[in-house]
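Let me begin by presenting the structure, written as structure tokens, before commenting on it.
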Amino acid sequence: RRVHGGLTIERCRRWIDGQICAYKRCNQQVASDSCAVVVATAEVLRKALAKLRDQSVLTVNWAKGRTVFHANCWKQAKTSITNTTEQKMRSRSKGTKELFDSINVVQSKAIEAATMIRNAKYVVAFTGAGISTSSGINDYRGTSGVDTKAILRQEDDQDAEDVQYEKLLPTKGHLALASLHKTGLLHYVITQNCDDLHFKSGVPLSAMSDLHGNVFVEYCEDCKKEYHRKFCVDQYSTDCYMEAWYEKCSTCGHNHYTGRRCSVKTCKGKLRDTIVNFGDLLHESVLGGLPAAERACDAADVCLCLGTSLTITPASDLTLRAKQRVICNLQKTEQDKFAAIRVFAETDSFLTLLQEALFHPPSATATAAPEFALETRPNMATKKRKSNTIARTEDARESSSTATRRAKVGKLAAAEL
């Protein structure tokens, strides 16, 4: 079974394909050519249902963590459920619902989006946590999201938030966007993520705004010089409370200072992390800055909204400045009514099909897709920090509170690093 351009369905295989539909009256495999629904399972209710002696009264085989349905079976289950506890389960799960278009539908929408991009003079990508989930980072509101798991008590916070950002690699979606930029089809990337994966994929700093900061970047509060580290700088700021450089921020309540100073001889200003917490203003010039993102969206004929719930303002308001929007997210967003194309799919699948449609159209000479070498962000500091600036060892960095860092980044949402 093959799809447009010789791209096999296997390359865009959804994780749900081959799963058994949880609706007992169906009990058939979910195939790639069918629409599907996935919901998070409330663990307390699942255990209560599992203790029932008569399992025949239940309509759904509720799985631990996430439960998969055909789209029509999910709707039928609503009227079929009679057990009170099971009705509560469906009601609580409804708010976590993720929708999956069939692969054929996603392919058709990717071809339509490719036409829009070819006809556009300026294209912007606006990304959220959903583009990074396949790299190993949980999103926030999805069926496996950090916030969802906490609400449904599926696992403790440490298991949900323990991420080693230094070891993360770009996803297929990141690489696809870098490919589009390299060939001139994508002009600017705006991200709400702090994981640095867009840069690692090959998108240059000059074509990107990290609106909510970057865990690897600190900057001088005086001259605004940026320092790109190989370690997470916020372990010296957010995770520090007793150090001499600690200073509680009046807007967000967290510490932003890292204890290091600017290496510019005429400056020597204090270095701050770049993380934007709730209450903080978005950066004006650091990491691209908000004004550059606003100009890009104002010029955009098309904005690709990828893996984001589009709920965190003021960042999400930027997408409404573009002339047209393509929204790809598994859950519904408040901006769906403004979308020229709405896709319910994982960003990796959609962007793989979009890249295929752009570089290998069915009846035109295709632009050759560029080759990629995985890049790493250089350490741009001109001098090594002095020993009296920070007295932390590598072991101390490894043992710092990753959970605290993740919880802080998680507030930025959006999925929703």
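All of the numbers you see were taken from the coordinates with simple rules; none came from a lab. All of these numbers come straight from a predicted model, not from anything done at the bench. Cβ coordinates were reconstructed from backbone atoms using ideal geometry, including for glycine residues, and neighbour counts include every protein chain displayed.
Contour minus end-to-end for GLU112 and ARG13, with contour as 0.36 nm per residue of separation and end-to-end as the Cα-Cα distance? Walk me through the numbers on the way to the answer.
Values: separation 99, 0.36 × 99 = 35.64 nm, distance 2.03 nm.
That works out to 33.6 nm of additional length.
ASP222 to LYS182: FRET efficiency via 1/(1 + (r/R0)^6), r the Cβ-Cβ distance, R0 51 Å, to the nearest 0.05? Kindly include the intermediate steps, with their values, before the conclusion.
Details: r = 35 Å, r/R0 = 0.69.
For ASP222 and LYS182, the calculated efficiency is 0.90.
Return the distance in nm (one decimal) between the two label points of a simple spin-label model at GLU294 and ASN61, each offset 7 Å from Cα along Cα→Cβ.
5.5 nm
Only bridges whose two residues both fall in segment 245-336 count here: according to DSSP, what percent of them are antiparallel, nearest 5? Before the final figure, lay out the partial values.
Numbers: 3 of 8 bridges.
That works out to approximately 40 percent antiparallel.
Would you kindly state how much longer the chain becomes between SER250 and VAL105 on full extension, computed as 0.36 nm times their sequence separation minus their alpha carbon distance, in nm to one decimal? Can you show the working numbers first?
Details: separation 145, 0.36 × 145 = 52.20 nm, distance 4.86 nm.
Taking SER250 through VAL105 to full extension adds about 47.3 nm, to one decimal.
Computed FRET efficiency, Cβ-Cβ of GLN324 and VAL264, R0 51 Å: what is it to the nearest 0.05?
Numbers: r = 43 Å, r/R0 = 0.85.
For GLN324 and VAL264, the calculated efficiency is 0.75.
If one computes the Cα centroid of segment 63-103 and of segment 211-273, what distance in Å separates the two points?
If you average the Cα positions of each part, the centres end up 45 Å apart.
Please go through segment 43-124 and write out the trypsin sites (Lys or Arg not before Pro) that DSSP classes as loop and that have at most 16 other C-beta atoms within 10 Å. Could the numbers behind the result be given before it?
Details: sites: ARG46, LYS47, LYS51, ARG53, LYS64, ARG66, LYS75, LYS78, LYS88, ARG90, ARG92, LYS94, LYS97, LYS109, ARG118, LYS121; in loops: LYS51, ARG53, LYS64, LYS97, LYS121.
Counting only loop positions with at most 16 other Cβ atoms within 10 Å, the trypsin sites (Lys or Arg not before Pro) in segment 43-124 are LYS51, ARG53, LYS64, LYS121.
Take ALA340, project a point 7 Å from its Cα along the Cβ direction, then tell me which residues of segment 94-135 have their backbone nitrogen under 18 Å from it.
107-127
Near the amide H of GLY259, under 5 Å away, which other amide H atoms are found, from residues 5 or more places off or on another chain, if H is placed in the peptide plane?
LEU271
What FRET efficiency comes out for the pair ASP54/LYS167, r = Cβ-Cβ distance, R0 = 35 Å, nearest 0.05? Kindly include the intermediate steps, with their values, before the conclusion.
Working: r = 48 Å, r/R0 = 1.37.
Using R0 = 35 Å, I get an efficiency of 0.15.
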